[in-house]
1. So which strands (runs of 3 or more DSSP E) are wholly in region 1-68 and hold at least 3 residues that are more than 26 Å from GLU149 (Cβ to Cβ)?
2. Pick from GLY163, GLY152: which is at pLDDT below 95 and not charged (D, E, K, R)?
3. For THR37, only one of the following conditions fails: (1) on the phi < 0 side of the Ramachandran plot; (2) surrounded by fewer than 18 Cβ atoms within 10 Å (Cβ to Cβ). What is its number?
4. Which ones in region 102-121 are of a type in the set (Gly, Ala, Ser), farther than 24 Å from GLU134 by Cβ and outside any helix (DSSP H, G or I)?
5. Determine which single condition ALA111 fails, assuming it passes every other condition in (1) of a type in the set (A, V, I, L, M, F, W, C); (2) under 23 Å from ILE70 (Cβ atoms); (3) buried (at least 22 other Cβ atoms within 10 Å of the Cβ).
6. Which ones in region 86-101 are in contact (Cβ under 8 Å) with a residue 12 or more places away in the chain and in a helix (DSSP H, G or I)?
7. Looking at ALA75, ALA83 in this structure, which one is of a type in the set (Gly, Ala, Ser), part of a loop (DSSP other than H, G, I, E, B), closer than 30 Å to THR37 by Cα and open to solvent by less than 50 Å² (accessible area, probe 1.4 Å)?
Amino acid sequence: MRLELHGVAIGEGPGAALPPLDVVADRWAPGFVAVETENAPTLAALVASGRMHPESGRVTVDGRSDDAAIRASFALVDTPTVAEPFAALTVTQVAREELALAGSRSDKASARLLLDEIGLREHERTRLGALPTELRVRLLCELAVLRPEVRGLVVTTPERHGGDVAAWLAVVHDLVGRDYTVLTITGFAALATIESLPTPDFAPTVPAGTDATLPASPDDTAVATTPDTSVESDQP
């Protein structure tokens, strides 16, 4: 599943709420785009996930402009003011809420089983706000993909919680290696770190002697940036 942002923007000029963005996230090719200021990452996530219309440009999935399909297939992960769990909730409480949203059993035993599976059982009583960033990203991504229709993620500014960029980037890479399409909206400093790190070869190896052909894919990592801007509008 290929998600593309083609010159999407909200507003014009140096004071635009969301300056023009161009980025691609594809199968086995994670996408990264840098925006700055308080509100722009949330606006970018809403536009990328089909939940807000840009004033210019367009968003496509597999070459089609289809906001409903994008909304159904892409989950927002930790988007400020929109999909950001309360910091005071425990890991178990967050897991139970998301299990319920996914239509699964959401009792404590089911939450513990899930946390066992993703390696977070020891943090079941940890408040989300105290969870290390890479574990926070792991938890929220794994909960998002519990929904059967979700095949893509829009992860929003994980670096705002601190920690090692390489650590949470490894979680993103793991999801991409599991055939999820992942777009990460981040800041310029984190993007510079991402660009300096090696990118895995995500596409599975075709067994020798077979005629299977892997789908075409762009460069392993799709990266885009946008100029630093200021936002004067209220939170969306």
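The values are calculated or read from the model by the stated rules, or taken from the named source; none is laboratory data. Bear in mind that the values here come from a model prediction, so they are computed numbers and not experimental data. Cβ placement follows ideal geometry from the backbone for every residue including glycine, while neighbour counts extend to all protein chains displayed. The accessibility values were calculated without ligands, DNA or RNA, using every heavy atom of the protein model including side chains. Shrake-Rupley method; radii C 1.70, N 1.55, O 1.52, S 1.80 Å.
1. 3-10, 18-25
2. Answer to the selection: GLY163.
3. Just one mismatch for THR37, condition (1).
4. GLY103, SER104, SER106 - these are the residues of region 102-121 that are of a type in the set (Gly, Ala, Ser), farther than 24 Å from GLU134 by Cβ and outside any helix (DSSP H, G or I).
5. ALA111 satisfies every listed condition except (2).
6. Result: VAL91, THR92, VAL94, ALA95, ARG96, GLU97, GLU98, LEU99, LEU101.
7. That would be ALA83, the only listed residue that is of a type in the set (Gly, Ala, Ser), part of a loop (DSSP other than H, G, I, E, B), closer than 30 Å to THR37 by Cα and open to solvent by less than 50 Å² (accessible area, probe 1.4 Å).
Listed here are the residues, each with its yes/no results for (1) open to solvent by 10 Å² or more (accessible area, probe 1.4 Å); (2) in a loop (DSSP other than H, G, I, E, B).
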site: PRO148; (1), (2): yes, yes
site: VAL155; (1), (2): no, no
site: ALA167; (1), (2): yes, no
site: HIS173; (1), (2): yes, no
site: VAL176; (1), (2): no, no
site: ASP179; (1), (2): yes, yes
site: THR184; (1), (2): no, no
site: ALA190; (1), (2): no, no
site: GLU195; (1), (2): yes, no
